[in-house]
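Derivation of every value follows stated rules applied to the coordinates shown; laboratory data play no part. Only a predicted model underlies this, so the values are computations on that prediction, with no experimental measurement involved. Cβ sites come from the backbone with ideal geometry, for glycine too, and all protein chains shown count toward neighbours.
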Amino acid sequence: MGVPSNRDLLAACQWAGATVAVVALSDDLLLRTILGAPMVFLVSGHAVLRAIGVRTIYLSEHLAYAVGASLAAGIAGGFALNAAGVLTPLGWAVWFFAVTVGATLVAAARRDAADLPAWPGPVRVSLWQGAALALAVLVATGAYALAVREEATDRQFKYTELWMLPPASGDPSRLTVGVRSGEAQTQRFDLEITLDGRPFAVFRSLTIAPGGSWVREIPVPVMPTRQKAEARLYRPEDNLLYRSVSTLVPHI
Amino acid sequence: MTPAHLTAATGMNPLQTGMQLVSAVIGPDLRGGNADAPPHQANPGWIAVLCLTVGTALLLVVAGNGAGRRGDAVALLLFWSGVVLMVVPTSLRIAWPLVARGERLFLLFLLAEALFYFKVVYSPTNFINYDEFLHWVEADDLLTARRLFLSSPLLPVGRTYPALEILTTAIVDLTGLSLFAAGTVLLAVLKGTFVGALFLFYERIAGSPRMSAIACLVYMGCSTFALFESMFSYESLGVVLCVLTFAVEAASKDLRGRPRLKALGLIALLLASLAVTHHLSAAFAAIYLGALAVFETLRRQGPPRINARIAVGLTAILAVALPLLWMQARGSSLPSYLGPVIEAGFKTLLAKIMGTLPPTSAESIGAPSVPFGMRLTTLLGILLLSLGLATGFFRSLAMTAPSSARAGWRPIQDILKRRWRDSRIVLLTLLAFGFPVSVAFRLTIVGWEIGNRMGTFVFFAVGLVVAVSIVHFWQGDAPRGWRRIAPAVALAVIVLGGVTSSSLAPMRGPYRVAADQQSVERMGIETALWTKAWLGAGNRFTADRGNRMLLAGYGRQDIRVNIIEGVEAARVFKAEKLGPAEYYPLVRSDVDFLLVDLRLSTAPPVLGFYFDPWEPQKGRRLSADALLKFNDIDGITRIYDNGWIIIYDVRGLHGRS
């Protein structure tokens, strides 16, 4: 068994260090994903595998074991960081850095380190084959974008929401009433509000476009007894009671 | 096989001929297995064409889902032609003789990831399955609170097994991705790792990349492969750790001394992770590795290898002890979680077999309806698997018999005398008996869950036995003509059967009542989001099963399954009037809001229940009057109404408003 080069371990440590730096200093999603995701899935596990000294024959075998060891390192990290009270982005970055560096030191100190499996030979890909592969990726990506669009535009039910919320504890004299449209077309409504069955306020011809909303805070008198406030939404064209809601106005 | 005309010529009676024929079909004769290609001959042309084919297939699947949402008639054609195009050509190439190892492995990855894509595009921007909501809520809680072991009313056992949430939140924290994106990336990696590890496991014990690839294809025929093991749920991680452990263990079987110890180190790491990830996967690993240790002890073949037996024994001890220690440390509620399900499943299956099912049992409601084509494909897949098991059982055993005894039934006699070369093959072959048991459970409504979960583990064995059958019997020495095509087509049908049995409705369609993912649509989501925006997070809510999930996931509300101890929400919602038995528990409870979905009154529940599988009067359609009975109760107000969904504020009942 030959003594393997430790360049891969050095690269793993550099990767882990770069991840700590980027997590600490940057909010860039792409950069953090490029560095962070391989830390969770591969880099730390590769170092752990080298530290244990498990011998693998195929690259696929080494990769599968490295993913498993990475997952194990991540799971252990969850418990360790929880115990230390630092389950935070920086805590995670430092954990994977510590695992990678620690495993590297152990692997570097080993005298019976296992050889890394050989990389498979290069596969000759012709132009049309490369084009077909690229097209396949494009089609699959485009199909996913189409699925996202289909979901965003999917509205099986057309509806209008009406709500009435009791006064907040800080200000017992204000009710909140809201209307939001999930209809296909702009709609016109009349809104009536009663207090203990007595007319209290009316809002005529509220025009609400699809996706639009109308919200008001309505001052109400606070009485020695609890009152029931009700809101009714009508469609003026057929004077039909469309929605009704209610809430309680607390007493003084 | 014995040709018919030989019967007369040799003077054998029909019984002997029949016996010989049966023996030739199911007997232990091994032939073939020489059609593995030499290494480094991957064909990039085939790979490119199949990638493009799969890409086109995925586009058809997405178009089918889109058409299904709109209720277009062409949806079924688009969707299922996409599924067939995705599965059939790739399966045929994987099962073809004389294909390079690397090409087979790549195509297995391609097919597994395509099936994962197929699952994700059902809901491409958010988790949608019931179990996914449970784990989504737990992961979100972990991100918010930044600590483990939080209470989990919807999945009490989940707090003991937080590994999936730990890894997902690690990705979120390191990358800044959303929880859904991080979870999806994790699941995609898990899917690829699973297939890779499974291939390596089979390859090590069968010694053939072709047989290994075929076994992996057979595994994809399991009803849990396409969807269940791709969900954002702890079993998706558990099964990967499980198969990785088996792969490392199988790879270390011929190692001695320090190399074996090093492998044991990795196995210990994986088993420790598995113990905190998923109870059933850990239990299966314990059963498999424990049984392997027993078989190694029983084995008489070859010189006694004390070190190997100690290594297998240590592995078994770790596999059994680590989950038990973890359960002991966390005070797991696993027995109360799994016990009733297993007990009810066994009782129902026995009653069904004995014909003693009471007419009022859950079985009387009947299984949810499934389109004829899906049922036919599933049935065909099961029949082909059964045929493969029948013709592969003795051949699998013969494969590990001493090499000197490969003629007639001698290999089986050797096995009966405890002479075999690899205990893993013997164990897996015997485990294949679990397949008919799992199918029997799936024929009952109460036991369906058990049968489905069993499948995940039983198919490790089914994969090997059916692969042996194909390589050593159906394809044989010279796989040409029908011997080359028919087994490959059968494998494609088996994989298709896995897809059709994976869900009641794999294609996206319009809203259906009480049908889990089919009940998730924009209006319900918007209502849940409204609760978060206007009421704030963390209010105590109760509702039907589907809306509970939306309120927990999108609304971040504190969901109650029971109104108070011993009084389920279903009782309050299903009563025609709010009598004392419902009213007073509601008054005594701490529930803040009830969400009523009037769509429940428009149809009977697709899954047989609106609230929980154990609810009273299962299957009976709810009435709108029953749901609207809260309108006129003093102390209850109706704070939200969108025409279908109503939210009642019940804090007035507790003197809080």
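Brief remarks follow.
- Taken about its Cα centre, chain B carries a charge dipole of about 2160 debye when Lys and Arg each add +1 at the Cβ and Asp and Glu each add -1 at the Cβ.
- As a calculated quantity, the FRET efficiency between A:L135 and B:L77 at R0 = 22 Å, using C-beta atoms, amounts to about 0.40.
- Extending 7 Å from Cα along the Cβ direction at B:S178 and again at B:I310 yields two label points whose distance is 5.5 nm.
- The charge dipole of the protein assembly as shown, taken about the Cα centre with unit charges on the Cβ atoms of Lys, Arg (+1) and Asp, Glu (-1), comes to about 2440 debye, rounded to the nearest 20.
- Once the Cβ-Cβ distance of A:A18 and A:D112 is raised to the sixth power relative to R0 = 25 Å, the FRET efficiency obtained is 0.25.
- Ranking of B:I494, A:I218 by count of other Cβ atoms within 10 Å, fewest first: A:I218, B:I494
- Prolate/oblate/rounded label for segment B:576-648 (Cα gyration tensor, a/c 1.5): oblate
- In this label model, B:N43 and B:M19 are separated by 4.6 nm, measuring between points 7 Å along each Cα→Cβ vector.
- Selected from A:G68, A:V179, A:L29, residue furthest toward positive end of dipole (chain A; charges at beta carbon): A:G68
- Of the GluC sites (Glu not before Pro) in segment A:211-252, those whose Cβ has at most 12 other Cβ within 10 Å and which sit in DSSP loop: A:E237
- Partners for B:K253 among lysines (Cα-Cα distance below 17 Å; same-chain residues under 8 apart left out): B:K262
- Assigned charges on the beta-carbon of Lys, Arg, Asp, Glu; segment A:59-154 dipole about Cα centre (debye): 320 debye
- Residues of segment A:187-219 with an amide N closer than 11 Å to a point placed 7 Å from the Cα of A:S173 along the Cα-to-Cβ direction: A:219.
- Cα gyration tensor shape of segment A:91-192, rounded if a/c is under 1.5, else prolate or oblate by comparing a/b with b/c: oblate
- With each label modelled as a point 7 angstrom along the Cα→C-beta vector, the A:R155-A:L241 pair spans 2.7 nm.
- Shape of segment A:19-151 from the C-alpha gyration tensor: oblate (a/c of 1.5 or more and a/b not above b/c, with a ≥ b ≥ c the square roots of its eigenvalues).
- Loop trypsin sites (Lys or Arg not before Pro), segment B:513-622, which have at most 10 other Cβ atoms in a 10 Å radius of their Cβ (DSSP): B:K577
- The calculated FRET efficiency for B:F372 paired with B:A440, based on their beta-carbon distance and R0 = 35 Å, is about 0.95.
- Going from the fewest other Cβ atoms within 10 Å to the most, the residues B:Y640, B:Y511 appear in the order B:Y511, B:Y640.
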